[in-house]
Amino acid sequence: MFSTMQDYPLTVRTIFEHGERVYADSEVVTFDGVGARRASFAQVAQRARALAAALIRLGIQPGERVGTFCWNCQEHLEAYFAVPGIGAVLHTLNLRLFPEQITYIINHAEDCAIIVDASLIPLLAPILPKLTTVRHFIVIGDSSAFPAQAHCYEELLARENPDFALPEVEERSAAAMCYTSGTTGNPKGVVYSHRSICLHSMAVVSPSSFGLSALDRALVIPSMFHANAWGIPHAGWWVGTDLIFPGRFAQAEPLSRLIAMEKPTFSGAVPTIWNDLIRHVEQHPVDLSSFRLCISGGSAVPRSLIERMEKRGVRLVQIWGMTETGPLAALSHPPFGYASGSEEDIDWRTKTGRVLHGIDLRIVDGEQVLPWDGEAIGEIEVRGPWVTGSYYKDDAPEKFHDGWLRTGDVGTVDAHGYIQITDRAKDVIKSGGEWVSSVELENHLMGHPDVIEAAVIAVPDERWDERPLACVVLKEGTTTTLQTLRLFLAERVVRWWLPERWAIIAEVPKTSVGKFDKKVLRQRFAEGGLAVVVVVK
């Protein structure tokens with residue numbers, strides 16, 4: 001047995017130096033709400049090298065964790081390369097978590113330094129006395145308001161060599177880490193190796209995935225503090241894609257101005273952001289024609305959202321994955337032969353996604369592996385070179401099964417690898433011994449023109465054990481009734497799926513990364529906090 005191939009390391013440095021040299025003129029744009037700061041890849045690379053040198057001067061050692069408490073911006077991108085570039089581990093901190101969760105995550109990861117945006121000092125300051133391992137704070141912007149000794153980001157960079165040579169690191173060593181949102185129990189740390197980031201980036205730029213190239217301008221809406229912003233910064237840098245960061249202005253109105261100003265060709269976001277944006281655009285027309293592709297993930301994408309985006313000339317494709325899968329695992333690109341925008345084309349795009357090359361997937365019921373026939377329903381398990389095999393300092397044996405990651409998603413897979421998730425394992429509704437898909441009910445409800453959001457949960461029932469409770473957010477001023485919504489559903493699902501219990505709510509609760517948080521609704525129901533109405537006709 002022999003090999004004639006070169007043993008070339010797959011590291012974040014590999015990505016960084018290729019983008020720096022080959023695509024030196026590509027652009028990084030950071031929006032400030034009115035205008036934008038601009039820098040070439042060559043300029044950003046010099047600053048990233050200076051940051052790497054500064055971190056070493058501060059005594060940061062290989063393997064130590066450096067936290068970032070930042071928006072999507074140029075400086076955060078510089079940290080994406082500088083921290084793993086010296087062999088340390090980039091720990092992106094979710095700034096939307098509760099203070100107790102942020103404290104737990106920083107201490108559990110044993111972060112030795114934190115890079116924080118000055119605008120976020122009020123969020124970090126109250127927990128400073130509880131942070132037991134942090135030796136250095138580095139402030140982007142005005143550091144005078146920081147309540148402890150801190151370094152000024154720009155002053156640190158100004159002292160260092162912008163041509164600093166990054167050291168060699170091992171491709172299987174840790175490059176970055178992100179904690180799950182902790183919907184049950186404490187958040188769990190997922191560690192990404194240099195190799196896994198490179199392989200994931202290769203998958204992201206492929207034509208069967210995002211298809212990013214130097215011809216693209218990517219609007220990076222997914223938070224850089226969560227799952228590496230879906231891999232867009234690493235992949236985009238590698239192939240010379242212009243990277244457009246919205247800073248803290250990821251709301252519909254400023255995003256629409258940024259789109260009009262920068263003409264991005266690609267973007268991604270959770271459905272709630274796309275819903276908000278398209279509602280705004282429908283009322284305040286904005287030209288979205290620059291987009292060749294947009295993606296949406298984090299929760300099921302309603303068909304109505306895909307159709308509304310299509311009317312504005314935007315092709316929206318659903319993706320599926322999780323923090324533990326790098327995060328991309330599947331995309332709903334239709335198979336060959338369907339006209340763009342046709343009913344059949346949109347049918348395919350409403351599916352959860354087709355399993356991505358590099359990901360091995362199966363569905364199981366207990367110990368039984370089920371067929372890919374589009375009918376058998378089981379829990380989805382995955383494995384692959386960018387799928388986590390364990391959590392940081394947490395065995396969590398219940399999350400793994402014979403070397404496979406248990407995703408907690410329940411659904412079917414057809415013969416061509418298209419996944420259709422029907423529920424999360426913790427959200428399933430079993431009524432009279434039969435499964436009811438809360439995801440399908442939600443998608444149909446959000447297809448009604450007067451429904452902004454909808455979430456369906458299981459509630460106890462004396463006769464059927466469980467029944468669905470539909471919680472809906474209605475458009476302001478609408479005259480649509482709950483009975484009308486039930487009749488709307490009756491034309492789309494089997495009769496025994498129809499909810500008898502309904503509640504009108506102001507907003508569906510969401511997790512820190514924009515997913516529907518049904519556990520909050522279940523708790524409200526248990527505590528009598530939902531005004532439930534019975535509708536049976």
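None of the figures in this text is laboratory data; all of them are computed from the coordinates on show. This is a predicted model, so every value here is computed, not measured. Every residue, glycine among them, receives a Cβ derived from its backbone with ideal geometry; neighbour counts consider all protein chains shown.
Derived from the Cα gyration tensor, the three semi-axes of the equivalent ellipsoid of segment 90-234 are 28, 21, 16 Å, largest first.
Pulled fully out, how much extra length does the chain show between residue 369 and residue 289, if you take 0.36 nm times their separation in residues and subtract their Cα-Cα distance? Could you put the intermediate results ahead of the total?
Numbers: separation 80, 0.36 × 80 = 28.80 nm, distance 4.44 nm.
My answer for the length gained is 24.4 nm.
Compared with the dominant principal axis of the Cα atoms in the chain, helix 252-262 is inclined by about 50°. Placing a pseudo-label 7 Å from each Cα along the Cα-to-Cβ vector at residue 414 and residue 142 gives an inter-label distance of 5.8 nm. The angle between the Cα long axis of helix 99-109 and the longest principal axis of the Cα atoms of the chain comes to about 50 degrees, rounded to the nearest 10.
Exposure proxy shown here: for 286, 66, 533, the number of other Cβ atoms within 10 Å sets the order, fewest to most, as 533, 286, 66. Estimated at 0.36 nm per residue, the fully extended path between residue 135 and residue 434 surpasses their Cα-Cα distance by 102.1 nm. Sorted from longest to shortest, the spans of the Cα atoms of segment 251-424 along the three principal axes equal 53, 41, 24 Å. Binning all Cα-Cα separations of segment 472-537 at 5 Å, short to long from zero, yields these whole-percent fractions: 3, 15, 21, 22, 22, 14, 3, 0.
For the pair residue 279 and residue 491, the difference between a 0.36 nm per residue extended length and the Cα-Cα distance amounts to 73.8 nm. Spacing of the modelled spin labels on residue 158 and residue 110, each 7 Å from Cα toward Cβ, amounts to 3.6 nm. When the helices of the chain are scored as -39500 (n - 2.57) per DSSP H run of n ≥ 4 and the total is divided over every residue, the value at 222 nm lands at -8000 deg cm²/dmol.
What is the order of 98, 525, fewest Cβ neighbours within 10 Å to most? Show your work: numbers first, answer last.
Values: 98 10, 525 19.
Listed from fewest to most nearby Cβ atoms, that is 98, 525.
Semi-axes of the equivalent ellipsoid of segment 403-490 are 27, 18, 11 Å, computed as sqrt(5λ) over the eigenvalues of the C-alpha gyration tensor in descending order. Note on residue 213 and residue 376: with the Förster distance fixed at 41 Å, the Cβ-Cβ geometry gives a FRET efficiency of about 0.60.
Remark on the chain: ratio of C-alpha radius of gyration to 2.2 N^0.38 Å is 0.98.
When Rg and the Kirkwood radius Rh are both evaluated on Cα atoms of segment 1-132, their ratio Rg/Rh stands at 1.04. Ranked for footprinting exposure by Cβ neighbours inside 10 Å, fewest first, 399, 430, 188 give 430, 399, 188. Cα extents for segment 192-322 along the principal axes, largest to smallest and rounded to whole angstrom: 45, 29, 27. Compared with the dominant principal axis of the Cα atoms in the chain, helix 74-85 is inclined by about 70°.
Scattering from segment 428-534 was approximated by placing one identical point on each alpha carbon and applying the Debye formula without solvent; log10 I(q)/I(0) at 0.11, 0.12, 0.16, 0.20 1/Å stands at -0.31, -0.37, -0.67, -1.07.
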